[in-house]
Amino acid sequence: MRKGILLFMTLFLCIAMQAQNSLTVNADQGNDLRWQNGVLYFENKVVGKLSGEMSDGITVVSETLSPLGDNTFKIVRTYRAEKDMNDARICFDYVHSGKANFWMIPSVSYNGNQWGRGKEPKRAEENGVFRTFSFRRTPIPGCTYSESDRFAVAVWSDNPKLESQHFSCCIMPEKEQIRHRIILPEEEMPSMYSARDRYADGYQKHVQLKKGDTITLTLYLAVNAVEPHHRAMRHFMRKAWAIADKPVVSVFDTKKIWELGIRYATESLWVEKGSFKGFSLGLITDGEKGWKQAEGYEIGWCGQNASLANSLLTDYLKNRGAESLNKALAALDSWASACPLSNGLFITHYNQILDHRNDGIMDACNLGTAALNFFEARDLTRASGIDRPQYEHIAYGICDFVKADQQPEGVYARGWTQDGKYYVREGTIGCFLVPPMLEAYRRSGDSTYLASATKAYDYYLKGLNTDGYTTAGSLDTWCIDKESSVPLLQSSLMLYEITGSPAYLDNAVSVSYYLSTWLWHYQGIYPENDNFTVYRYSTFGATSVSVQHHHLDPYALAWVADWIKLANLTGDSQWKEKALAIWQNGCQLVSDGTLEINGRIRPAGSQNEAFFESDWFAGSSRERINTWLVAWPGALRLETLRRLNDSFINI
């Protein structure tokens, strides 16, 4: 407990206009939400109430409530210090009546993070103390969300413009109520999650106030009726995006991004080692001021060899450059000649070939990526006048193996050994094989591929609908994450195109709202000497990795084309807005060959993987921009442009 006495106070609203006393929940029901003395009612039953805690010597001097439409309210309180104090603390609460059936701190905790084998923060409490998190860990500032039997409630606040305004959030699910809390000043208690599976001592910042000083806090509150499959979150997510500031950052145009991506692949990542010709995983520091290639060769995921090769084929078709064609074919042929197995599986890490090892796991992420890209490679080589039917055979082989191994309930697996034994089946990761299965159906007309894909899709979608999250897409984690839902989005759109069923389009929207819980809706403000300020990095449009990895990356580039398509199919402009925000974010700090960050000049087309928006890796260097110049961001930018062709708007 901090120094100073905390007094619990239930605070009452004074609503000046009668129009603010009632707001319709659902117009077709004819029922009202209404406020009375700080308590929110629906059909004369309490939905929740405003309350709070504050240090002794602080009083509320004004309070306003403004309805923003869509069952959302903006509540602004101004507090005044009645005496000098060195350690002021204010908590602004909304108490949701009822037991929590589901709760969430987006990007941080999904119903307490009970799924998975990691050591990320589990449950809402630690040793009987409710966990508090800095707003900087959340994609909507300080956002918390809960569902009771009848209502879905979301609370968040404004993006602070000054460090002195930094705050934290907390959700307290108890037997009969769920307390949503905004806390000033910023704290993370009782401990701070500081790196993967690691914790540091908690902290509480201090605010000094002179007598007469005032502080203003804003609480946004969205209340809607609960819907099946956690779909009520659509309402507050839509509103939070609508009212968010949407900064535009200056990035290279798409023509330049394409040129730099091709240069990075051919100039910095290209490897010829033994039987291998292809691309390194990326560049790492050489111990001095330069760079060296990482020792690793992967068909998808971090290395993206197949996708990079397809982008070089596309570059050849655009520009007729012989180097692009020759390196693309050399890379694909290296993989195609050495990595297919007799059972249909495909060795996804070429190091296994070079090291003469057969003990590796071929994971669903890499296998799905390989199959999709080898299907595409067949088309691109045909267009180039150089047919490679073996590329398509590889893709069908992967699909045929997975189809035969599928379990009765529809599940595939996380991965397999070379002799075809499954690794584990839990998690959503197997869904990465659904899109290539659907592509196999579209090419062949063989209904067994469609039947297998649909059965798997239904299995993985049920997990999202039931649990409210997807799992285990990040290969270096075992937790709730964002990556594992990307193939669900892709599959939903593909199934809609194949069947015309609007249910699949609605599923694509649901998956997209889940993905939006990982999307940064604001540009963080950092001190003048901070990496983000010095190099003008904006957090807006970035996505957090997983509940086990609390940092940002540009992986959302993987679904930019899907959100452009979703916007066109639904007429909902938010998906295009979000896609463009992601694109701008993911094109930041792409080097033109002269970019120097933290004393190192970066090669043309390179970009680092991680951006540390919170106190992740606290106690280490304050370099928020890391030095792992991995292959995948550039590959995903090229793939996005490959998929969208001329329909993409130049930024």
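What the table below lists for this structure:
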read-out	value
List M189, M237, ordered by accessible area with a 1.4 Å probe, largest first	M189, M237
Segment 314-371 shape via C-alpha gyration tensor axes, a/c threshold 1.5	prolate
Nearest-ten-degree value, helix 254-263 long axis tilted from longest Cα axis of the chain	50
Solvent-accessible area, 1.4 Å probe, carbon plus sulfur percent, for the chain	49
Student exercise, segment 230-362 dipole from Lys, Arg, Asp, Glu Cβ charges, in Debye to nearest 20	820
Square roots of 5 times each gyration tensor eigenvalue, C-alpha, segment 126-269, largest first, Å	33, 24, 19
Per-residue SASA entry for V61, accessible area with 1.4 Å probe, Å² rounded to 10	60
Percent of C-alpha pairs per 10 Å bin, segment 204-254, short to long	15, 25, 22, 26, 10, 1
Segment 282-340: C-alpha gyration tensor shape, a/c 1.5 cut-off, then a/b vs b/c	oblate
Residues of the chain: accessible area per residue with a 1.4 Å probe, Å²	38
Spatial separation of Cα centroids for segment 221-252 and segment 523-560, in angstrom	19
Convex hull volume per residue for segment 18-170, taking Cα atoms only, in Å³	157
Degrees between helix 447-467 axis and first principal axis of the chain (Cα, 0 to 90, nearest 10)	20
At q = 0.26, 0.27 Å⁻¹, base-10 log of I(q)/I(0) for segment 563-645 (Debye sum, equal scatterers on each alpha carbon)	-1.24, -1.28
By accessible area with a 1.4 Å probe, ligands and nucleic acids excluded, highest first: order of S384, S337, S444, S250	S250, S337, S444, S384
Share of alpha-carbon pairs per 5 Å distance bin for segment 399-474, given as whole %	3, 17, 28, 24, 17, 9, 2
Separation between Cα centres of segment 179-219 and segment 348-419, rounded to whole Å	48
Top positive-direction residue, dipole computed over segment 439-595 with Cβ charges, set C587, Y526, T454	T454
For the chain: rounded, prolate or oblate by the Cα gyration tensor [a/c cutoff 1.5]	prolate
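The values are calculated or read from the model by the stated rules, or taken from the named source; none is laboratory data. What you see is a predicted model, and the numbers here were worked out from it, not measured in a lab. Here the Cβ is made from the backbone with ideal geometry for all residues, glycine too, and neighbour counts use every protein chain on show. Protein only, heavy atoms only, side chains kept; ligands, DNA and RNA dropped before computing areas. Shrake-Rupley method; radii C 1.70, N 1.55, O 1.52, S 1.80 Å.
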